[in-house]
1. Please build a GNM for the chain, connecting alpha carbons under 10 Å apart, and tell me which residue among Lys199, Lys52, Lys71 fluctuates the most.
2. Only helices at least 27 Å long along their own axis, judged from Cα atoms, and with Kyte-Doolittle mean hydropathy of 1.6 or greater: name those in the chain from DSSP H.
3. Give the distance, in whole Å, between the Cα centre of segment 139-194 and the Cα centre of segment 237-255.
4. Compute the FRET efficiency between Ser195 and Glu81 as 1/(1 + (r/R0)^6), taking r as their Cβ-Cβ distance and R0 = 30 Å, and round to the nearest 0.05.
5. Which net charge results when you count Lys and Arg as +1 and Asp and Glu as -1 among the other residues whose beta-carbon is under 14 Å from that of Leu77?
6. Top mean-square fluctuation among Arg135, Arg169, Arg230, Gaussian network model of the chain, C-alpha springs under 10 Å?
7. I want the local charge near Gly125. Using Cβ-Cβ distances under 10 Å, sum +1 for each Lys or Arg and -1 for each Asp or Glu among the other residues.
8. May I ask for the net charge around Leu154, where only other residues with Cβ less than 13 Å from the Cβ of Leu154 are counted and Lys, Arg are +1 while Asp, Glu are -1?
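None of the figures in this text is laboratory data; all of them are computed from the coordinates on show. Values in this document were obtained by computation on a predicted structure and should not be read as measured data. Neighbour counts are summed over all protein chains in view; Cβ atoms, including those assigned to glycine, are modelled from backbone coordinates with ideal geometry.
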Amino acid sequence: MRNSKKIPNGAQPKAGRVAGGSESKSQIPKVIIIMGPPGAGKGTQAELLAEKLNLFHLETSKILEEKFREKTKGEILIEGEKYSFAKEKKLWEEGKLCSPQFVTYLIIEKIKELNKSGKNLILSGSPRTLYEAERVIPVLEKLYGRKNIRCIFLDISPEETIFRNSHRRICELMRHPILYLKENEKLKRCPLDGSRLIKRGKLDKPETIRVRLKEYKERTYPVIEYLKKRKIKVEKINGSPPPAIVFENILKKLK
């Protein structure tokens, strides 16, 4: 019997797990791609949808964060080129996108691994570039079928992006993201694991966020047109309302 979990005080559940759901798999896509500018709530909505629809949440930012925690030295050979972990981490910390080849390699390997174990997916933060989209989407189409892929585009203003990201906190132990709400403004500890709440350092400084916004407009937004050209349905959703309302609006679009 499945246990339902409430998300207290704005805390969001940990990414990278499969949760049970009551919906019939025939009624939902096998792959959902969540896109939008920094701070649009991609991770939040992906976690809620993963819980509701029994999908594995594949979050690019988490994959990169975990990889850079594990390894900061050495190189990896991709398509005959060497990519330095130290250089990729520096790009990431400055708010710039990591090399598309580096990110794409990590994502495709993870997708194949999950498909072999029979998991359907929800992706947040991927594909981030046309290079990545041109390689990741055909893999998804081959493994899951084009008709089983949907894209949700969460739209918020640049001003809201800067506000949300500059106020973002995560917990020190499990990296749970904590939504900024007036009710939890003075919260010191994570309501899920009790560890201290911290900022993400350079990543969430306003100047870094502006760089991330520029990178998004120039390198990520064109992916939307690529998906449309491949006949993958893209649903635009207003990401400004509270998460619960955005979530309900997404579910309506997926029906």
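1. With Cα springs under 10 Å in the chain, the top fluctuation among Lys199, Lys52, Lys71 is at Lys71.
2. TM-like helix candidates: nothing returned.
3. 14
4. Efficiency, rounded to the nearest 0.05: 0.20.
5. Net local charge, Leu77 excluded: -4.
6. So, out of Arg135, Arg169, Arg230, the one fluctuating most is Arg230.
7. Net charge around Gly125: +2.
8. So the environment of Leu154 carries a net charge of +1.
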